[in-house]
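J.: The structure that follows is given in the form of structure tokens.
The values are calculated or read from the model by the stated rules, or taken from the named source; none is laboratory data. Keep in mind that this is a model prediction, so the values were computed, not measured. Note that we place each Cβ from the backbone using ideal geometry, even for glycine, and neighbour counts take in every protein chain shown. Just the protein is used for accessible areas: all its heavy atoms, side chains included, with ligands, DNA and RNA removed. Shrake-Rupley method; radii C 1.70, N 1.55, O 1.52, S 1.80 Å.
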Amino acid sequence: MAEKFYITTPIYYPSGKFHIGTAYTTALANTIKKYKKARGYETYLLTGMDEHGQKIEQVAQKNGKTPQEHVDEMAEAAQKLWELMEIENDDFIRTTQPRHERVVAEIFDRLMEQGDIYKSEYEGWYCMPCETYFTETQLVDGKCPDCGREVKKMKEEAYFFNMKKYAGRLIQFYNDNPNFILPESRKNELFNNFLKPGLEDLCVSRTSFDWGVKVKKDPKHVVYVWLDALTNYITALGYLSDDDSLMKKYWPADLHIVGKDIIRFHGIYWPIFLMALDLPLPKQIYAHGFIMMKDGKMSKSKGNVIYPEPLIERYGLDAFQYFLLREMSFGQDGTFTPEGFVDRFNFDLCNDLGNLLNRTIGMINKYFAGEIKQYPEKCSDIDKELEQFANGVITQVEEYFDTYHISNAVAETWNLVARTNKYIDETTPWILAKEDRKEELQSVMYHLVENLRKIAILIKPYMTHTSEKIFAQLSIPEELQTWDSLKEYDKIKNITVTQTPEVLFARLDPEVEQEAIKEMMKV
Ligand code: ME8
């Protein structure tokens, strides 16, 4: 039976249009899902929207809408974006859906009954945008430690979750599962800054607003948005519902992908809620870094926000995803600049990959009327060395994908592109042709096609269209397009490549395109 792989994105706040940061998280999760699928896993990708809370209530009001109208519109826009990005999500959970709300209320009730949630009074500093209370000592210069904005002193009757009860178990879990949180630096941060000093009980209800799940036995209280939101990962699978077959099949999650801003909620509160519910903990949580702009964080007021749609429309989905996945190193921040985007397009995609395909097809047409017969009877040392190099790349790419070092997997694949280009310079096919060294020339053409085939398989999880174009132009049969066929070197037989190669990525005029991208940021 196939192994399962359940992967999630955060459920996003519908507070504004999704920018490339949100698109990055979703593209990353989708890429990992597609890789796992190619490796034979039965996969399930969940994304969705976090629609409750005071912030949403306020945004709706500002737009002259009811919260429900607002979130409905945003959900439609989000799903349109995921369609444009060809995200293969298996479900789209919205926290306002009855299937979710009912279970959240029930979970709260249950935790109250078993004594993990108790009623008390809360007084503290409240950050409205983050919907989080802080103690005096947690504030930084009297402001919110997370977002740096003003906080307000508030006091309310509230329910608390007994975090202290589970802290020891969580510490033990961290010790027993050293790879639970990736990257390690984030785990150390959580461990040293939050777990080690001792957890405070968490305030898990609000009375200051209405837009949320009501506490069943005390409906003037609304369930804290994070307790509400985090449970999406199980409500979507049918936890506590009549049909919980997905829950049985897919829980625990194999990977929660989150940005570094919300690792505390996922790495501490979520595991503890799960312990209280007596459910297994997710296997891994990966916190990625942030896409930054030259002048810092993206923000509407700075006029430096860039949205995915115009980039995809002008440069294609593959180039867009290539840039994001390549530029964002494991767990680190990356920077979006128009110059960087155009350079990657022109150098990596157009010069390196596009030209390799074009040159290869051109030469096969010129020297062999487009035909590749079979694996050569005799290979040169350079051919053999190239084969070994390709095998090394494949092993390395798999390792990078398996450990979610996606930018390394992409860069490693481009090492194979570069090595294959170099192979043309080393073997000088034009001289082989001139000297009528047919056999050697045939072998070179075979190896070029074979490497392009491998490259097309390796990029398929994030550059599906390009991959398909390469297969089509080289007429690679379907059975040689699979991940399983990657390590084969000698299976290509009697193929005829296209006579009219299509350019994969047409060279961009840097000045014109940088300007065009800058214009996109002004909208
Ligand atoms: O936090 N670069 O929702 P959210 C990279 N509803 N990723 C970015 C980014 C950037 N500049 N900006 C945002 C929430 N993200 C909660 C989640 S989950 C149970 C509840 C991504 O809409 C990143 O993944 O604020 C971050 O964690 C997420 O968007 C935050 O989305």
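J.: Just to be sure, is Leu353 open to solvent by less than 30 Å² (accessible area, probe 1.4 Å) and not assigned by TED's automatic domain parsing to the domain that holds Asn421?
T.: no
J.: A follow-up question, please. Condition first: of a type in the set (Asp, Glu) and open to solvent by 40 Å² or more (accessible area, probe 1.4 Å). Now tell me which residues in region 82-120 satisfy that.
T.: Glu83, Glu86, Glu88, Asp90, Glu101, Glu106, Glu113
J.: Being more than 25 Å from Phe265 (Cα to Cα) and in contact with a Lys or Arg (Cβ under 8 Å, 6 or more places away or on another chain) narrows it down to one of Tyr41, Tyr13, Tyr35, so name that one.
T.: When all the criteria are applied, what remains is Tyr41.
J.: If you don't mind, another one. Among the residues of region 422-464, count how many are under 18 Å from Ile394 (Cα atoms), of a type in the set (D, E, K, R), assigned to a helix (DSSP H, G or I) and touching a helix residue (DSSP H, G or I) at 6+ places or on another chain (Cβ under 7 Å).
T.: 2
J.: Shifting gears a bit: Inside region 116-184, counting only strands (runs of 3 or more DSSP E) that do not spill past its ends, which hold 3 or more residues that are touching a residue at least 24 places away in the same chain (Cβ under 8 Å) and within 22 Å of Trp270 (Cβ to Cβ)?
T.: 117-127, 152-161
J.: Residues Gln79, Gln68: which one is open to solvent by 60 Å² or more (accessible area, probe 1.4 Å), assigned by TED's automatic domain parsing to the domain that holds Lys283, part of a helix (DSSP H, G or I) and within 21 Å of Val258 (Cβ to Cβ)?
T.: Gln79
J.: List the pairs whose first member sits in region 269-287 and is open to solvent by less than 10 Å² (accessible area, probe 1.4 Å), whose second member is at pLDDT below 95, and whose Cβ atoms are under 7 Å apart, counting only residues at least 6 apart or on separate chains?
T.: So the pair list comes out as Ala287/Gly331.
J.: Also, I was wondering about something else. So, in region 440-464, how many residues would count as being under 16 Å from Ile495 (Cβ atoms) and open to solvent by 10 Å² or more (accessible area, probe 1.4 Å)?
T.: Total meeting the criteria: 1.
J.: Taking only pairs six or more apart or across chains, which ones have beta-carbon atoms under 7 Å, a first residue in region 297-322 that is not assigned by TED's automatic domain parsing to the domain that holds Ala77, and a second residue that is of a type in the set (Asp, Glu)?
T.: Going by the 7 Å Cβ cut-off, the qualifying pairs are Lys302/Asp295; Asn304/Asp295; Leu317/Glu86.
J.: Being among the acidic types (Asp, Glu) and under 27 Å from Thr132 (Cβ atoms), is that true of even one residue in region 34-54?
T.: Among the residues of region 34-54, at least one is among the acidic types (Asp, Glu) and under 27 Å from Thr132 (Cβ atoms), which makes the answer yes.
J.: Could you pull out the residue among Leu452, Leu486 that is touching a residue at least 60 places away in the same chain (Cβ under 8 Å) and within 15 Å of Ile372 (Cα to Cα)?
T.: Of Leu452, Leu486, the one residue that is touching a residue at least 60 places away in the same chain (Cβ under 8 Å) and within 15 Å of Ile372 (Cα to Cα) is Leu452.
J.: Another question, then. Please go through region 83-98 and pick out each residue that is touching a residue at least 24 places away in the same chain (Cβ under 8 Å), within 20 Å of Ala229 (Cα to Cα) and either in a helix (DSSP H, G or I) or of a type outside the set (S, T, N, Q) (or both).
T.: Within region 83-98, Asp90, Asp91, Phe92, Ile93, Arg94 meet the criteria.
J.: Any residue in region 1-25 that's farther than 17 Å from Lys55 by Cβ and among the aromatic types (Phe, Trp, Tyr): show its pairings with residues that are near the ligand (Cβ under 9 Å from one of its atoms) and open to solvent by 10 Å² or more (accessible area, probe 1.4 Å) at Cβ separation under 6 Å, as long as the two are six or more apart or on different chains.
T.: Matching pairs, first to second residue: Tyr24/Ile291.
J.: If I ask for residues that are open to solvent by 20 Å² or more (accessible area, probe 1.4 Å), more than 15 Å from the ligand (Cβ to nearest atom) and farther than 22 Å from Met247 by Cβ, which ones from region 1-54 would you list?
T.: Lys34, Ala38, Arg39, Gly40
J.: Would you please name the residue that is farthest from the chain's Cα centre (by Cα), looking only at residues in region 197-227 that are open to solvent by 10 Å² or more (accessible area, probe 1.4 Å) and among the aromatic types (Phe, Trp, Tyr)?
T.: The residue in question is Phe209.
J.: Identify, from the list Ile312, Ile291, the residue that is within 11 Å of the ligand (Cβ to nearest atom) and either among the acidic types (Asp, Glu) or closer than 30 Å to Ala516 by Cβ (or both).
T.: Only one candidate qualifies: Ile291.
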